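See structure below.
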Amino acid sequence: MLSGSLVAIITPMHEDGSIHFEKMGELIEYHIDNQTDGIVLLGTTGEASTMTFEEEKQLVSFAAEKIAKRVPLIVGSGSNNTVTAVENSKAFAEHGADMLLVVTPYYNRANEGGMVRHFEAIANSVDIPIILYNVPGRTGCSLSVSAVATLAKHPNIIGIKEASGDISYAVKLAPLLNDDFAMYSGNDDIIVPLLSLGAKGVISVWANIMPKEVHDLVSLYLEGRHQESLAIQTAYLDLVDALFYETNPIPVKHAMNELGFGVGPLRMPLGEMDAPNYQKLVAVLAKYKEVWS
């Protein structure tokens, strides 16, 4: 069972907007050195929606070679076109992905039967495990609990990234969790609450800048040291909030550049942070400067 802190890794760019592969390699080593438990590539945080298919395949191949099975490589392969999602999934599996993260088919607003068939078609097309991704704030649709219950029985579907922020929904998913189907928090501000419901970890934006702290938060909870885990969650809530002052990944990329990671610009249509939000972000980062010193 996959568990721990799985970083939704940013994609570093050169100033001309091209992918900075050398910097990506440095970030991967940074995460492995700081005990990140898995790398999630081509997610929202990685600006996958602005990449060409060729760029995506190149990045998956590069990351797979660099990671060299030291931690799992989970790759976002979803689309609102089932045929495209199947094509993506097959290609990324061939290029070295260990697992796939598949978002609900945005914009189409599929009914439950269509949603189930969409995910089943993808799961049937590959031999590597799939994690469902529920993020209605981004997609305009949500996986019903009954649809998750059906999909959880598929031998190739091993979990769900739950990013609705709705604790009531997560509570309803809890009875579905077992040794073959896990839940991962998709919200950094409620990792401990979801762990208390049986989640096995987090797919984290926060971990881009505090990988060791997020790893420790999850591992302490899973070891039964709940108060120590909660102490980490609560200690950095203002920083987590700051990473979402504007649309993700705008703040986290700005934060990483402010901290000296040198990850470069965002791709359009994402733009620079508004100056007041940026100044607030810098002020919060300064509170925790010892973490990066």
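The values are calculated or read from the model by the stated rules, or taken from the named source; none is laboratory data. All values derive from a computational prediction rather than experimental measurement. Note that we place each Cβ from the backbone using ideal geometry, even for glycine, and neighbour counts take in every protein chain shown. Please note that ligands, DNA and RNA were not included when accessible areas were found on the heavy atoms of the full protein model with its side chains. Shrake-Rupley method; radii C 1.70, N 1.55, O 1.52, S 1.80 Å.
Worth a mention:
- Taking the listed residues L237, L285, the one that is more than 20 Å from Y30 (Cα to Cα) and within 22 Å of the chain's Cα centre (by Cα) is L237, with no other qualifying.
- For first residues located in the range 201-215 and among the acidic types (D, E), partners that are part of a helix (DSSP H, G or I) and at pLDDT 95 or above and lie 6+ apart or on another chain with Cβ distances below 6 Å form the pairs E213/I232.
- Condition check for Y245: hydroxyl-bearing (S, T, Y), touching a helix residue (DSSP H, G or I) at 6+ places or on another chain (Cβ under 7 Å), surrounded by 17 or more Cβ atoms within 10 Å (Cβ to Cβ) and in a loop (DSSP other than H, G, I, E, B): yes
- Members of the range 116-145 that are of a type in the set (G, A, S) and under 26 Å from D189 (Cα atoms): G137, G140, S142, S144
- Any chance T50 is surrounded by fewer than 19 Cβ atoms within 10 Å (Cβ to Cβ), at pLDDT 95 or above and of a type in the set (V, I, T): yes
- Residue in the range 249-258 that is closer than 23 Å to I160 by Cα, touching a residue at least 12 places away in the same chain (Cβ under 8 Å), under 20 Å from the mean Cα position of the chain (by Cα) and buried (at least 21 other Cβ atoms within 10 Å of the Cβ) present: yes
- Here E56, E112 are screened, and the one residue that is crowded, with 19+ Cβ neighbours inside 10 Å and either aromatic (F, W, Y) or more than 23 Å from K200 (Cβ to Cβ) (or both) is E56.
- Residue pairs meeting the criteria (Cβ under 7 Å; at least 6 apart or on separate chains; first closer than 14 Å to P211 by Cα, in the range 227-239; second among the charged types (D, E, K, R) and at pLDDT 95 or above): I232/E213; I232/D216; Y236/E213
- Residue check: A68 meets all listed conditions (1) farther than 28 Å from A147 by Cα; (2) touching a residue at least 12 places away in the same chain (Cβ under 8 Å) but one, namely (2).
- Condition check for Y236: farther than 25 Å from T11 by Cβ, among the hydroxyl-bearing types (S, T, Y) and open to solvent by less than 60 Å² (accessible area, probe 1.4 Å): no
- The range 147-158 residues that are within 10 Å of M115 (Cβ to Cβ), paired with ones that are in a loop (DSSP other than H, G, I, E, B) (beta carbon under 8 Å, 6 or more apart): L151/L143
- Selection count where residues are in a helix (DSSP H, G or I) and either of a type in the set (A, V, I, L, M) or open to solvent by 40 Å² or more (accessible area, probe 1.4 Å) (or both), scope the range 143-202: 24
- Check on V126, more than 26 Å from N248 (Cα to Cα) and free of Cβ contacts under 8 Å to residues at least 60 places away in the same chain: yes
- Among the residues of this structure, V214 counts as one that is part of a helix (DSSP H, G or I) and under 20 Å from E26 (Cα atoms).
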